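Report on the following structure.
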Amino acid sequence: MSTVDPTVTSSRKDRGWYKRNEIAVTPWLFLAPAILFFVFYVIWPIYQSIAISFYAWDGLGEARFIGFDNYVELMDDRAFEVSLWNNLKWLLFYLLAIPGGLFIALFLNQTVTGIRIYKSLFFFPFVLSQVVVGLVFSWFYLPNEGLLNGILGLVGLGPVNVLGDPTWATYGIIAAGLWPQTAYCMILYLTGLNAVDPEQIEAGRLDGAKGWKMLWYIIIPQLKPATFIAFVVTIIGALRSFDLISIMTNGGPFGQTRVLSFYMFEKALAEFGFRMGYGAAIAVVLFLIMLVFIAYFLWSMWKEEKGR
C-alpha cells in the first residue's frame, strides 16, 4: 500500500498561490496584453458604435436619444440599398481571387526556368498599397489615353469609360481589387503546397489519378487550411472595401459605386455629413453581416477540430 510522503505535502502547502497554479496561470499572463488590447480597441468600439446608433449626434453637440429611428430610416434610404447591393457584388466577385490564386500557385510550384522571376511578378501586387493600385487602374481605365481602350482599339472596339459608366464602374473597381487579393491567395496556397504529402501524390499516381482527378481528390483536400484562411480574409476584405472606391471614383458616378463602409464615412465624417448616429447604424449593419460569416467560419473550424 502506497503512502504519501508528509514532507512533500507540507512543502506544497508552503508554496505560494502562483507556484501551486503556475502551469494554469502562466499562459494567461502571456495572453493578458493581447486580451487588453482586444477589449479596448475592438470590443469597446463595437459597444460604442451600437450605443451611438440609437442617438442623433453631430459629434460635437449634445446627443439626443431617438431609439431605432436611424435603422427605420435605413429601410427607405435608396443610397443605403445601392451600397448594400454593391457589397454583395464585391462578395460574389471577390471570391474569384481564391481559384485564381490556387491556379497561379500550382503554376509557380512547378520546376520551370526563371520561376523566381515569375514568382516575383505575381507577388508584386501584394506589396503595393491600395492607393497605388487604385491610381494604376484609374490610369488603365482612362477613356482616351488608357491602356484598356488602347487594347480595345486594336481589335476594332470603341473606347469605354469604365469608371464613368454607372453600370460598369463597380465591376471595374472590383477588378482592381482582385489584382492584389489574388496575389495574397497565391501566397497562401504556395505555403500550403509545400506541406502537401508527397506519399499521397505517389499513391494517387499508382492508382491512375492524374490531372483534374489528382487536383480534386488529393491536392485540394490537403489545402483545406489554406482555403479556409483565403475565404475568411477575402470575405472580410470584400466587406470592408473602402480605399479603392475613395481613390478611383469617390463613390461616383451618381453614387453608384458606394459600399457600406464608404457610405458610413460619407454620413458620419464627410464634409456635409456629421450624422454620427446614422453612420454608426450603417456600421452596425456591416458588423452584423461580417459577424454572420465569422460565426460560420468559427463554427466550421470548431466542428472540424471536434471531429478529429
- prompt: Among the helices (runs of 4 or more DSSP H) confined wholly to segment 212-308, which include 1 or more residues that are touching a Cys at 6+ places or on another chain (Cβ under 9 Å)?
  reply: 224-239
message: Take the conditions without any contact (Cβ under 8 Å) to a residue 40 or more places away in the chain, surrounded by 14 or more Cβ atoms within 10 Å (Cβ to Cβ) and not in a helix (DSSP H, G or I) and apply them to residue 209. Does it pass?
response: yes
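Confirm whether residue 24 is surrounded by fewer than 10 Cβ atoms within 10 Å (Cβ to Cβ), hydrophobic (A, V, I, L, M, F, W, C) and at pLDDT 70 or above.
Working: surrounded by fewer than 10 Cβ atoms within 10 Å (Cβ to Cβ): yes; hydrophobic (A, V, I, L, M, F, W, C): yes; at pLDDT 70 or above: yes.
Here the answer is yes, as residue 24 does meet what is asked.
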query: For segment 58-72, how many residues meet the condition of being of a type outside the set (Lys, Arg) and either part of a helix (DSSP H, G or I) or touching a strand residue (DSSP E or B) at 6+ places or on another chain (Cβ under 7 Å) (or both)?
result: 7
field: Filtered residues of segment 258-298 (kept if touching a helix residue (DSSP H, G or I) at 6+ places or on another chain (Cβ under 6 Å) and closer than 12 Å to residue 53 by Cα)
entry: 264, 268, 275, 276, 277, 278, 279, 280, 281, 282, 283, 284
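Which ones in segment 270-298 are free of Cβ contacts under 8 Å to residues at least 12 places away in the same chain and within 25 Å of residue 89 (Cα to Cα)?
The initial filter retains those residues of segment 270-298 that are free of Cβ contacts under 8 Å to residues at least 12 places away in the same chain, namely 270-273, 288, 291-292, 295-296, 298.
Across segment 270-298, the qualifying residues are 270, 288, 291, 292, 295, 296, 298.
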message: What's the total number of residues in segment 269-295 that are of a type in the set (Gly, Ala, Ser) and modelled with pLDDT of 90 or more?
response: 5
- prompt: Of all residues in segment 73-131, which are at pLDDT 90 or above, among the charged types (D, E, K, R) and part of a helix (DSSP H, G or I)?
  reply: 73, 78, 81, 89
- prompt: Would you pick out the residues in segment 244-266 that are touching a Leu at 6+ places or on another chain (Cβ under 7 Å), within 21 Å of residue 140 (Cα to Cα) and buried (at least 21 other Cβ atoms within 10 Å of the Cβ)?
  reply: 248, 249
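Residue by residue through segment 25-57, note down the ones that are within 10 Å of residue 277 (Cα to Cα) and either assigned to a loop (DSSP other than H, G, I, E, B) or touching a helix residue (DSSP H, G or I) at 6+ places or on another chain (Cβ under 7 Å) (or both).
49, 50, 52, 53, 54, 55, 56, 57
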- request: For residues that are touching a residue at least 60 places away in the same chain (Cβ under 8 Å) and not hydroxyl-bearing (Ser, Thr, Tyr), tally how many sit in segment 240-267.
  value: 14
- prompt: Across segment 142-165, what is the number of residues that are charged (D, E, K, R) and over 21 Å from residue 257 (Cβ atoms)?
  reply: 1
message: Tell me the residue from 195, 230 that is buried (at least 18 other Cβ atoms within 10 Å of the Cβ), within 25 Å of residue 298 (Cα to Cα) and either modelled with pLDDT under 85 or of a type in the set (Gly, Ala, Ser) (or both), please.
response: 230
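The values are calculated or read from the model by the stated rules, or taken from the named source; none is laboratory data. All values reported here derive from a predicted model rather than from experimental measurement. FYI the Cβ positions are ideal-geometry reconstructions off the backbone, even for glycines, and counts take in every protein chain you see.
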